[in-house]
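The values are calculated or read from the model by the stated rules, or taken from the named source; none is laboratory data. Note that the structure is predicted; figures quoted are calculated from it, not measured. Note that we place each Cβ from the backbone using ideal geometry, even for glycine, and neighbour counts take in every protein chain shown. Quick note on the areas: whole protein, heavy atoms, side chains included, nothing else; ligands and nucleic acids left out. Shrake-Rupley method; radii C 1.70, N 1.55, O 1.52, S 1.80 Å.
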Amino acid sequence: MTMTRGLGWEDARIPEQARLADGHPGARLDAIWEGEAGVRGWFSTVDHKVIGIRYIVTAFVFLVLGGLEALVMRVQLAGPDRHLLTPEAYNQLFTMHGLTMIFLYASPVLTGFSNYLWPLLLGSRDMAFPRLNAFSYWVYIASGLFLYSGFVVGHGPNDGWFNYVPFAQRAYSPGVNIDIYALGLILLGISTTAGAANFVVTFLRTRAPGMSINRVPIMVWGTLTASVANLLAVPSVSLAFFLLWLDRQFGTHFYDGSGGQPLLWQHLFWLFGHPWVYAIVLPAMGMVSDALPVFCRRPLVGYTAVALGTVGTMALGFGVWVHHMFATGIPNLGLALFSGASLVITIPSAVAVFAWTATLWTGRPVVTTAFLFFASMIILFVIGGVSGVMTASAAVDWQLTDTYFVVAHIHYVLIGINVFPVVGAIYYWFPKMTGRLLDERLGQWNFWVMFVGFNAGFLPMHTLGLLGMPRRIYAYPAGMGWDTQNLIVSLGSGMFAVGVLLLLVNVVVSLRRGRVAGADPWGAPTLEWSTPSPPPVYNFAVIPIVASRHPLWEDALDESDGRSRLTDGLLLDHGRETIGTSPLDGEPDLILELPGDSLAPVTLSGGMALLGIGATYRLWWLAAIGAGTIVVALADWYWPRRSHIGADMAIAHA
Amino acid sequence: MPDTLVLDRPLPIAEARYNSTAWLGVLCLIATEGSLFAYLLFSYAYAVAQHGADFLPTLRPSFAYSLPGSVVLVSSSFVAMWGERGIRADRRGQALVGLGGAAAMGALFVVLELLEWRSESFTLSSRAYGSFFFTITGFHMAHVVVGVACLTAVTAWSALGYFGPRRHAHVANAVTYWHFVDVVWVFVFTAFYLAPYIA
């Protein structure tokens, strides 16, 4: 398909090419790309690197909050019959812990890494929609503050993170607690959806020339897959919460027995919830697939299989939601179908494990802190995977459901396949983000304390579950045979927390005193390491031309005759520009103009937050102000720019 | 993967219409909004399946407003398409009549739907069927209102001369979204107005 058909010359130009050695074109690009300074610039920036780091930092703040909530619960459960917390306080704590970790940490932290890395991995100057990127961050932080606002004043959500009806109905939970959860998650869903659309279009359109789809890093496959899934799955949970809010506030009957159906909640929630599980691990698995081979000094074994396994896992992930509902009395045919699907999904999801093991086996491992986090994640993945596939059997699930066994499983999956890769990714990409390396000595302590603490804290939960300890209990009597193991669990989780603290200490110390990294401290193969550390605001002074999957390893690997061009490429300096390429082959077919800094995203987010607050407390005038702000911000956002049209006509004619 | 990359041919700068990233963004929006309506209609079908025929009101739905509304809404898609062709062919009059006309037809649909709402014997909270009916048709109506606002905006911007044969991504985006809103109605109409007669 030719994109130039029907277009006159004045709307087109041949992109100029430049060589970095001929005089660095950075000064002109600096002038074009530099954002505003000061407070206004802080709110108006659309730089994906700034937004990515903000996402990561914010997600870590929530990780620490969620961790502190868990520690308070573990103090309560360290021995039998302890009553530090009232049942109501405990309910709010475990609910906030769950929703914080799953919604406010696990997904946003990966979004942060993908935001920071994608344009650098793809050889582009920004995401496809820079303003939408800023918007998704602002809505995320608004929803996080909103969700915590109730908890701070003692009205936090208190029905567990999956918020089952009928307990979540107004008759049983009359306070504002559940309303805050409902509207907060709808806000967060808007953020996730906006981010997902941005990743999908960025993938389709902004890869460097020559970067065909079989040359993108696996992490891009992971985030792309998660993003497509989010587009399709998030509406389910947003709808579930919206219908619940209607039930609570306007007397509708979606979830009550008089014509509605309480199980509808569980269907809608898990229709979203299970794809979401994969959405918060696949990008992290992708980071391991890209970074672990760097420390094995060889390419990943089985690139194509891993990419297809990623997509295949997600596709099957839409067909297993009922395994969360095996104990609800659904028909046997349903049990058989979803049990079978849950067993089958181990096949694509295990592909990566074999690929990583083979990469380790055939490589020459360099044992850095990052390597330890990535390699140990394989073990944790296997433990979490096995405990998962055990509960795919309906009979086993009936025995184990709602016990600590399931708590152990979810933590092995989420800490093992999300937190460990994320911490490894911090050690790996911190030099790119800041220009300085994290301290390796402290890093080794960081790893071993976290690893031992985690396993001491969570491995005994399996046996506690087998011994019948139910989840979500605020206290337990003595003499159940649970005391010793609970004490070990509490001590282990405390040790794990110390490990996380060591990471934070390392970050603070190394920001000031870390060794200067240089562009490529690890000898890595992908495009982000061809830029300075930290990269300039426009990322690439010239857009590189890609000839293989490992542009920086071509001489060492000598896989093909072609060589990528990293120091001469497309200049594109007539404004904030990057190259648009065809979705499959990465052939250049468009010059993309990217928008500059804007206050519209933060204004739009503020309007949405006002609308949410107004709806929660039934302050309809406030909701109206919010709606008005949304309309104004959108009009500003989409208003076509006449001057802009004239400007590029003039350039084309010059 | 092509053997050689052609880097020295002129590339379009303008995001003219369907090659724009914004249009791909609209497709993503449609994917996620389409999913939303799929989940809405799934919920309705699930409730009907769980409760059987008792779930539906004894009075079958009336076509008095819904049929004219459907005709108006579906035909407005073609009017919008004709207006978009006006922009592409640099016939501003056709563009204004087509895009503005589609917006007006959308507004007429909303009026007919509101009259339909007034004539119902049930309310949002009187029974579960009413909850589903008003919520799902309400969700759709909200999308119609947004679509009318978008069509009105691109009509006004066309009148102000912002768009031409080369640059009209905004128009393509609004019209694509409008087609989506109309297609969703076909499903909603089938579920609530036609299906009870088949059952």
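Highlighted here are the helices (runs of 4 or more DSSP H) found entirely within region A:44-127 that include at least 3 residues which are under 13 Å from the mean Cα position of the chain (by Cα) and surrounded by 21 or more Cβ atoms within 10 Å (Cβ to Cβ): A:48-77, A:107-122. Restricting region A:320-377 to residues that are over 28 Å from the mean Cα position of the chain (by Cα) and among the β-branched types (Val, Ile, Thr) leaves a set whose member that is surrounded by the fewest Cβ atoms within 10 Å (Cβ to Cβ) is A:Thr362.
This table checks each residue for (1) of a type in the set (Gly, Ala, Ser); (2) away from chain B (no Cβ under 14 Å); (3) open to solvent by 10 Å² or more (accessible area, probe 1.4 Å).
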position: A:Pro166; (1), (2), (3): no, yes, yes
position: A:Val176; (1), (2), (3): no, yes, yes
position: A:Asp179; (1), (2), (3): no, yes, no
position: A:Arg207; (1), (2), (3): no, no, no
position: A:Gly210; (1), (2), (3): yes, no, no
position: A:Val228; (1), (2), (3): no, no, yes
position: A:Ala233; (1), (2), (3): yes, no, no
position: A:Phe242; (1), (2), (3): no, no, yes
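Taking the listed residues B:Ala169, B:Ala156, the one that is more than 8 Å from chain A (Cβ to nearest Cβ) and free of Cβ contacts under 8 Å to residues at least 24 places away in the same chain is B:Ala156, with no other qualifying. Does B:Arg92 satisfy the criteria of being open to solvent by 50 Å² or more (accessible area, probe 1.4 Å) and more than 11 Å from chain A (Cβ to nearest Cβ)? Yes, satisfied. Being on the phi < 0 side of the Ramachandran plot, of a type in the set (A, V, I, L, M, F, W, C), touching a helix residue (DSSP H, G or I) at 6+ places or on another chain (Cβ under 9 Å) and open to solvent by 10 Å² or more (accessible area, probe 1.4 Å) holds for only one residue in A:Leu308, A:Leu268, A:Leu292, A:Leu282, and it is A:Leu308.
Being surrounded by fewer than 20 Cβ atoms within 10 Å (Cβ to Cβ), more than 13 Å from chain A (Cβ to nearest Cβ) and of a type in the set (Gly, Ala, Ser) is a description that applies to B:Ala107.
A:Gly596 passes every criterion in (1) of a type outside the set (A, V, I, L, M, F, W, C); (2) part of a loop (DSSP other than H, G, I, E, B); (3) within 11 Å of chain B (Cβ to nearest Cβ) apart from (3). Cβ-Cβ distances below 9 Å connect the following pairs, each with a first residue in region A:546-563 that is under 20 Å from A:Asp290 (Cβ atoms) and at pLDDT 90 or above, a second residue that is open to solvent by less than 50 Å² (accessible area, probe 1.4 Å) and acidic (Asp, Glu), and a separation of six or more residues or different chains: A:Ala547/A:Glu554; A:Ser548/A:Glu554. In region A:240-263, the residues that are within 15 Å of A:Pro174 (Cα to Cα) reach residues that are of a type in the set (Ser, Thr, Tyr) and crowded, with 21+ Cβ neighbours inside 10 Å with C-beta atoms within less than 7 angstrom, at least six apart or across chains, in these pairs: A:Leu244/A:Tyr255; A:Leu246/A:Thr252; A:Leu246/B:Thr135; A:Asp247/A:Tyr255. Residues that are open to solvent by 40 Å² or more (accessible area, probe 1.4 Å), touching a Lys or Arg at 6+ places or on another chain (Cβ under 9 Å) and under 24 Å from A:Thr111 (Cα atoms) are absent from region A:437-448 altogether.
Could you grab me the full set of residues in region A:383-406 that are under 22 Å from A:Leu104 (Cα atoms) and either out of contact with any Phe, Trp or Tyr (no Cβ under 8 Å at 6 or more places or on another chain) or not in a helix (DSSP H, G or I) (or both)? Of everything in region A:383-406, just one residue is under 22 Å from A:Leu104 (Cα atoms) and either out of contact with any Phe, Trp or Tyr (no Cβ under 8 Å at 6 or more places or on another chain) or not in a helix (DSSP H, G or I) (or both), namely A:Val406.
Of the set (1) without any contact (Cβ under 8 Å) to a residue 60 or more places away in the chain; (2) in a helix (DSSP H, G or I), all apply to A:Lys432 but (1).
Whether a residue is away from every other protein chain (no Cβ under 14 Å) and surrounded by fewer than 19 Cβ atoms within 10 Å (Cβ to Cβ) was assessed, and B:Ser75 passes this test. Within region A:135-158, the set of residues being closer than 27 Å to A:Val46 by Cα and aliphatic (A, V, I, L, M) comprises A:Val139, A:Ile141, A:Ala142, A:Leu145, A:Leu147. Looking only at residues of region B:30-66 that are in contact (Cβ under 8 Å) with a residue 24 or more places away in the chain, assigned to a helix (DSSP H, G or I) and surrounded by fewer than 16 Cβ atoms within 10 Å (Cβ to Cβ), we find that the one that is nearest to the other protein chains (Cβ to nearest Cβ) is B:Ala45. Quick check on A:Gly329: is it away from chain B (no Cβ under 11 Å) and without any contact (Cβ under 8 Å) to a residue 12 or more places away in the chain? Criteria met by A:Gly329. Residue count for region A:164-185 satisfying the condition of being of a type outside the set (Val, Ile, Thr), touching a Pro at 6+ places or on another chain (Cβ under 7 Å) and not in a helix (DSSP H, G or I): 2. Considering region A:245-261, and only residues there that are surrounded by fewer than 17 Cβ atoms within 10 Å (Cβ to Cβ) and more than 7 Å from chain B (Cβ to nearest Cβ), the residue that is nearest to the chain's Cα centre (by Cα) turns out to be A:Gln249.
Taking the numbered list (1) touching a helix residue (DSSP H, G or I) at 6+ places or on another chain (Cβ under 7 Å); (2) more than 9 Å from chain B (Cβ to nearest Cβ); (3) open to solvent by 20 Å² or more (accessible area, probe 1.4 Å) in turn, A:Gly184 passes all entries but (3). As a summary of the residue check, A:Gly273 satisfies the conditions (1) touching a strand residue (DSSP E or B) at 6+ places or on another chain (Cβ under 8 Å); (2) over 30 Å from B:Val6 (Cα atoms) except for the one numbered (1). Within region B:111-126, being in contact (Cβ under 8 Å) with a residue 24 or more places away in the chain, surrounded by 15 or more Cβ atoms within 10 Å (Cβ to Cβ) and either out of contact with any Phe, Trp or Tyr (no Cβ under 6 Å at 6 or more places or on another chain) or within 10 Å of another protein chain (Cβ to nearest Cβ) (or both) holds for B:Glu113, B:Phe122. Selection within region A:616-647: residues that are of a type in the set (D, E, K, R) and out of contact with any Leu (no Cβ under 9 Å at 6 or more places or on another chain). The member of this set that is modelled with the highest pLDDT is A:Arg618.
In the list B:Val175, B:Val144, which residue meets the criterion of being closer than 22 Å to A:Ile630 by Cβ, hydrophobic (A, V, I, L, M, F, W, C) and either part of a helix (DSSP H, G or I) or more than 14 Å from every other protein chain (Cβ to nearest Cβ) (or both)?
Selected residue: B:Val144, the only one of B:Val175, B:Val144 that is closer than 22 Å to A:Ile630 by Cβ, hydrophobic (A, V, I, L, M, F, W, C) and either part of a helix (DSSP H, G or I) or more than 14 Å from every other protein chain (Cβ to nearest Cβ) (or both).
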